[in-house]
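The next block holds one structure in the form of structure tokens; read it before the comments.
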Amino acid sequence: MITNRIIYVVLCLFVFSSISFSKNPDMTGEKAPFVSLFKLEDNKYFRTKNLKGKKDIVLSFFASWCSPCLKEIPELHKLSKDMEEIEFILVNVNEKREKVAKHVKDKGYTLPVILDKYGMALKSFKADKMPLPLTVVINKKGMITYYQSGYKEGDEKTLKKHLQSL
């Protein structure tokens with residue numbers, strides 16, 4: 001009898017702890033943290049605060065080894081051509097400049113790339129433990145209006161619909 005209660009309590013603790021640790025944060029509706037990182041192309045700073053009040057921003061956090069990222073980025077390129085009023089930025093996470101430069105060149109990416117060399121920007125979006133890519137939309141007021149971790153086919157349609165509503 002006591003053994004069954006102990007097992008029950010242990011199982012309940014395990015289930016509740018798993019639920020709390022597996023929940024992904026969603027920052028939609030929150031004020032976006034400012035991002036200030038070096039651009040891949042010219043080693044000058046890119047700062048999101050410079051676009052506040054001027055443009056909506058799509059940040060896509062990626063890595064060269066991330067297969068879902070390889071599927072999402074071409075879709076972002078297509079969207080960016082249809083939505084020139086929105087700033088699309090690729091944010092590489094935890095990789096060296098040389099590796100990123102080679103990857104961007106090999107894949108033919110034309111969107112601006114900034115370098116989150118130590119993953120601090122990703123962490124500021126509460127996503128350092130989440131799967132890449134992380135796609136975040138920041139409106140002109142500096143608020144997060146879209147927050148999506150991971151990528152599956154069709155996500156670009158949801159993103160496009162969201163961007164059209166801004």
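Any chance region 122-130 includes a residue that's farther than 18 Å from Thr48 by Cα, in contact with a helix residue (DSSP H, G or I) (Cβ under 8 Å, 6 or more places away or on another chain) and at pLDDT below 95? Yes - at least one qualifying residue is present in region 122-130. Scoring Tyr151 on the criteria (1) open to solvent by 70 Å² or more (accessible area, probe 1.4 Å); (2) part of a loop (DSSP other than H, G, I, E, B); (3) not aliphatic (A, V, I, L, M) leaves a single failure, condition (1).
Here Asn94 fulfils each of the conditions (1) open to solvent by less than 70 Å² (accessible area, probe 1.4 Å); (2) in contact with a helix residue (DSSP H, G or I) (Cβ under 9 Å, 6 or more places away or on another chain) apart from (1). In the condition set (1) farther than 18 Å from Gly142 by Cα; (2) among the β-branched types (Val, Ile, Thr); (3) in a loop (DSSP other than H, G, I, E, B); (4) at pLDDT below 95, Thr110 is compliant with all but (4). Scanning region 75-107 for residues that are part of a strand (DSSP E or B) and of a type outside the set (Asp, Glu), we see that the one that is farthest from the chain's Cα centre (by Cα) is Ile86. Out of all the residues in region 74-89, which are in contact (Cβ under 8 Å) with a residue 60 or more places away in the chain and touching a Ser or Thr at 6+ places or on another chain (Cβ under 9 Å)? Answer for region 74-89, where residues must be in contact (Cβ under 8 Å) with a residue 60 or more places away in the chain and touching a Ser or Thr at 6+ places or on another chain (Cβ under 9 Å): Leu76, Ile86. Would you mind telling me which numbered condition in (1) buried (at least 18 other Cβ atoms within 10 Å of the Cβ); (2) part of a helix (DSSP H, G or I); (3) of a type outside the set (D, E, K, R) Ala127 fails? Here Ala127 meets the rest and fails (2). Restricted to region 105-119, and to residues that are among the aliphatic types (A, V, I, L, M) and under 14 Å from Phe88 (Cβ atoms), which residue is surrounded by the fewest Cβ atoms within 10 Å (Cβ to Cβ)? Checking each candidate, the answer is Leu111.
Quick grid of which residues meet (1) modelled with pLDDT of 95 or more; (2) closer than 16 Å to Ser149 by Cβ; (3) aliphatic (A, V, I, L, M):
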| site | (1), (2), (3) |
| --- | --- |
| Asn24 | no, yes, no |
| Leu37 | yes, no, yes |
| Phe62 | yes, yes, no |
| Cys66 | yes, yes, no |
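Within region 41-70, being farther than 14 Å from Ile86 by Cβ, of a type in the set (A, V, I, L, M, F, W, C) and either touching a residue at least 60 places away in the same chain (Cβ under 8 Å) or open to solvent by 70 Å² or more (accessible area, probe 1.4 Å) (or both) holds for Phe46, Phe61, Phe62, Ala63, Trp65, Cys66, Cys69.
The values are calculated or read from the model by the stated rules, or taken from the named source; none is laboratory data. Note that the coordinates shown come from a computational prediction; the quantities given were computed from them, not determined experimentally. Backbone-built Cβ (ideal geometry, glycine too); neighbour counts: all protein chains shown. Ligands, DNA and RNA are stripped out before the accessible areas are found, and what is left, the full protein with its side chains, is counted by its heavy atoms. Shrake-Rupley method; radii C 1.70, N 1.55, O 1.52, S 1.80 Å.
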